[in-house]
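The values are calculated or read from the model by the stated rules, or taken from the named source; none is laboratory data. The structure displayed is predicted, hence computed values, not measured ones. Note that each Cβ is placed from the backbone with ideal geometry, even for glycine, and that neighbours are counted across all protein chains shown.
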Amino acid sequence: MNIQAVQAIYRFEMARARRTLLQSVVSPVISTSLYFVVFGAAIGSRITQIEGVSYGAFIVPGLIMLMLLTQSVSNASFAIFFPKFSGTIYELLSAPVSYFEIVLGYVGAAATKTVILGLIILATASLFVPLRIEHPFWMLLFLVLTALTFSLLGFIIGIWADTFEKLQLVPLLIITPLTFLGGSFYSVNMLPPIWQTITLFNPVVYLVSGFRWSFYGISDVSVGASLVTILLFLGLCLGTVAWIFRTGYRIKP
């Protein structure tokens, strides 16, 4: 493996995050904190507890998951789209760097930025509500797996998109609605039976539920189902990335 090539891509992307600190870190933290304040104040006054957890603390894993999904996709998609848009990707493809090393550099940097951001938001949330993490290992595992998987998805979107508008299409029209409807701000058990059944077809439910279980030991679905879901999606994204580089889809003339 060309470690120097991976490090070069990784360091370049991390340096870009430092140059755009306001956009990369401050803005997501503020927007997530506003979600927490608005939902916690408006709804928390009417819902005291959910399964023994205060509403303010209950929504913290959901808010972190919302940020993880959107920021992972955004970071990775823009990182690969801009070289493709400017044409510099051909210099990278002609260099002695394998496809695996390219993906490792870009996706690794996007996942790292998202994990750091998630930990910052977790620390920020602890200033508002008393948090407890019953299973810290599983919390970090879900955090890393989710950031890695959706960074891969963002990489795929960045390759697929041919305009800046398309970069925002999937996050805005698919990922964000699925996250809001995936139990981020409520328990699935609070829904009528028919809607509980429909909601279980939303894959984000399994991500949010598993992540919340790592905090409070409560979940809407089994932890095993949550872990299998994220691993299956990770495998699907890896297979798609492999197909893109094998066929040259939208990266080779």
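Remarks
- Selection of helices (runs of 4 or more DSSP H) fully inside segment 146-250 by the criterion of at least 1 residues being in contact (Cβ under 8 Å) with a residue 40 or more places away in the chain and within 18 Å of PHE78 (Cα to Cα) returns 164-170, 176-180, 223-247.
- Within the span defined as segment 217-233, one or more residues are more than 17 Å from the chain's Cα centre (by Cα) and of a type in the set (S, T, N, Q).
- Hey, ARG212 basic (Lys, Arg) and touching a Pro at 6+ places or on another chain (Cβ under 9 Å) or not: yes
- Hits in segment 133-144 - residues which are under 19 Å from GLY56 (Cα atoms) and either at pLDDT below 90 or within 18 Å of the chain's Cα centre (by Cα) (or both): MET139
- Failed item, numbered, when VAL73 is tested on (1) of a type in the set (A, V, I, L, M, F, W, C); (2) buried (at least 16 other Cβ atoms within 10 Å of the Cβ); (3) modelled with pLDDT under 90; (4) closer than 27 Å to ASP162 by Cβ: (3)
- Helices (runs of 4 or more DSSP H) lying entirely in segment 1-77 (those with 2 or more residues that are free of Cβ contacts under 8 Å to residues at least 12 places away in the same chain and within 17 Å of TYR106 (Cβ to Cβ)): 3-19
- Which listed residue is surrounded by 14 or more Cβ atoms within 10 Å (Cβ to Cβ), out of contact with any helix residue (DSSP H, G or I) (no Cβ under 7 Å at 6 or more places or on another chain) and among the hydrophobic types (A, V, I, L, M, F, W, C), from LEU200, LEU153: LEU200
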